[in-house]
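Comments concern the structure below.
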Amino acid sequence: LVARISAHTNAASIGPISSSHCVTQTDFAIMSYMIVSIPNKEGLENFSPEQSYRKLQNAGACASKPFADMFKFEVPSLMVGTLDTLMQLSDDMQKTDTIIEGIVRKIEKTYIEISRSGNPGDLKIGEVPASRYVQSFAWDYAKYPNRRPLKELVALIAGGATAIDEEMKQLIQSYSDKQIALGDAERNSNGNLMTVDLNDVIKEEHMRKVQLYDTEYLKTVFIAVADSQVESFLGEVYAIGDNLVGYGGPDWSTDSRNLGHPVSYGDQVDRHGKRGSPVVPGSVQEVLRDEDSVLFAVTILKGQYEAGYFEGDEYQAGNKIDFVSEFSKVCRERRFIVREFEYDPELCGKSAMKITQLTTETDGMRTGLTRWSKNQYGEAFVAWMHIKVIRVFVESILRYGLPPDFTAVLYKVKPGSEDELVKALDVALGNDQDAVEDDDEDFHDFVLLKFDP
């Protein structure tokens, strides 16, 4: 039915870890485990679970073959269902296993990156480290009833893990957004006059000498100029945007007889016959300077009304042209930055208060996410281990048949001994003839599941 179990699950990519988060203690070294099951029957000969256990111990965890430490591994009696269900489940289980492992790895990575210790050894299942939980695994019958159909049981476990993953994504996104907001606030408070929050640097004494306008026709804008461009700015400021404003109208200089009479109006006048800049002559005022830049206040025409006109008997209303946005665009093309700023004495210093608030909120979210990671790591890890147990059960039934009669153990592989252990198991538990004829290194005559918790 199923010739083998391809069991070396790929760990989810968890990204690089900074050197400050590296853990060198041997207690937290990556552990490698193998779950192996064999039938309690060979031909016509039956074996007790204890005999099978000793056979597995002699195969790779004894004095002559010290490749691993071995532990008994509980696989509960689960509802088998139909053969088609088991085969479909076998195909789906590896994907489910990989997905849940990815969730475990993401929680682990998140904890390492945001916790102050950066120590993965802080992550436990309940009160015990992952290694002890794996080595003394016991099925949680209250959480995952073993008499439920296997398909429902897998869906229950996978659904719980997926819910954890969705919650983690939301928490990480919220924390990331808060970090970005804090970073932006800090940059805005530490830059030069071209980027800094002007409410933090412009004081009342600076504004006493500045004449501000914000009327129907005029507006004072603040322009930050790099120190190296100040001379250029002052030389051309009254020509910036010299094609924006239409100054055309009736020419009274050549014929003043109709001066004051409505002889030319509306669409009879070419307002754009003569163009110029919206900058009000003599309005440039220096507000503040620092080492890199200078801030000027410049008063400009706020906008212009395009006259309406008649189409037959129907009047078409004119449009209001906004000069502020167009003027800002022209300035930006010349590397003069129009700052969006409205002076308000009550806002002075509020940027520093905002940074303090954002820092407090970010630290609180970091603490909460750290605590959440510690709690949910255990939940996700428990789900992952139960999925592995179901995989062992399903593959053992498909391999050895019904009724379920097999013994499973857990090998904790000693460093560098994985290949030797697998070879020893193949020799002790496999069919030599099959091993010679089969060139596939992943094929074994027994169920074998490898993983690194």
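The values are calculated or read from the model by the stated rules, or taken from the named source; none is laboratory data. What you are looking at is a predicted structure, and each value in this text was computed from that prediction instead of being measured. Glycine gets a Cβ as well: all are built from the backbone with ideal geometry, and neighbour counts include every protein chain shown. Surface accessibility is based on the protein's heavy atoms, side chains included, excluding ligands, DNA and RNA. Shrake-Rupley method; radii C 1.70, N 1.55, O 1.52, S 1.80 Å.
For Rg and Dmax of the Cα atoms in Å, several values are listed as (i) 21.8, 66; (ii) 29.5, 100; (iii) 38.2, 128; flag the one computed from this structure.
Here Rg and Dmax of the Cα atoms in Å agrees with entry (iii).
Using the Cα gyration tensor of the range 144-220, with a ≥ b ≥ c the square roots of its eigenvalues, what is the shape: rounded (a/c below 1.5), prolate (a/b larger than b/c) or oblate (neither)? Present the calculation step by step, with values, prior to reporting the outcome.
Working: a/c = 7.70, a/b = 4.01, b/c = 1.92.
Verdict is prolate for the range 144-220.
For n ≥ 4 DSSP H runs only, could you compute -39500 (n - 2.57) per run for the chain, divide by its residues and tell me the 222 nm figure to the nearest 500?
Numbers: 11 runs with 186 residues, N = 453.
One gets -14000 deg cm²/dmol as the mean residue ellipticity at 222 nm.
For Ser256 and Glu346 in the same chain, what is the full-extension length gain: residue separation times 0.36 nm, less their Cα-Cα distance, in nm?
In short, 27.1 nm is gained.
Would you please state which residues of the range 321-358 a label at Ser228 would reach in this model, taking the label point 7 Å out along Cα→Cβ and a backbone N cut-off of under 14 Å?
Counting only backbone N, you get 335-336.
Efficiency by 1/(1 + (r/R0)^6): what FRET value for Gln170 and Asn431, r their Cβ-Cβ distance, R0 = 56 Å, to the nearest 0.05? Kindly include the intermediate steps, with their values, before the conclusion.
Values: r = 52 Å, r/R0 = 0.92.
In this case the efficiency is close to 0.60.
Mind giving me the FRET efficiency for Arg147 and Asp184? R0 is 60 Å, r the Cβ-Cβ distance, nearest 0.05 is fine. Don't skip to the end; give the middle numbers.
Working: r = 55 Å, r/R0 = 0.92.
Computed FRET efficiency for Arg147 and Asp184 comes out at 0.60.
Once fully extended, how much extra length lies between Lys274 and Lys412, figured as 0.36 nm per residue of separation less the alpha-carbon to alpha-carbon distance?
40.9 nm
For Glu286, put the label point 7 Å out on the Cα→Cβ axis and report which residues of the range 205-225 keep their amide N under 18 Å from it.
So the set is 205-211, 222-225.
Measure off 7 Å from each Cα along the Cα-to-Cβ vector at Arg132 and Arg116, then give the distance between these two points in nanometres to one decimal.
2.5
Determine the shape class of the range 76-138: with a ≥ b ≥ c the square roots of the Cα gyration tensor eigenvalues, call it rounded for a/c under 1.5, and otherwise prolate if a/b is greater than b/c, oblate otherwise. Numbers along the way, then the final one.
Working: a/c = 5.23, a/b = 1.95, b/c = 2.68.
In terms of gyration-tensor shape, oblate.
Label Phe310 and Arg366 with points 7 Å out from Cα along Cα→Cβ: what is the distance between them in nm?
Roughly 7.2 nm, to one decimal.
Using a Förster distance of 25 angstrom, determine the FRET efficiency expected from the C-beta separation of Asp140 and Thr82, and round it to 0.05. Walk me through the numbers before you get to the answer.
Numbers: r = 26 Å, r/R0 = 1.04.
Efficiency at R0 = 25 Å is approximately 0.45.
May I ask you to compute the full-extension gain from Val210 to Val324, defined as 0.36 nm times their residue separation minus their alpha-carbon distance, rounded to one decimal in nm? Mind showing how you got there, number by number?
Working: separation 114, 0.36 × 114 = 41.04 nm, distance 1.92 nm.
Gain in length upon complete extension: 39.1 nm.
Which percent of the accessible heavy-atom area of the chain goes to carbon and sulfur, probe 1.4 angstrom?
Carbon with sulfur: 49 percent of the solvent-accessible area.
Where Lys and Arg each count +1 and Asp and Glu each count -1, what net charge lies around Ala63 among other residues with Cβ under 15 Å from its Cβ? Walk me through the intermediate numbers first.
Details: positive: Arg54, Lys65, Lys414; negative: Asp69, Glu420.
Charge balance near Ala63 sits at +1.
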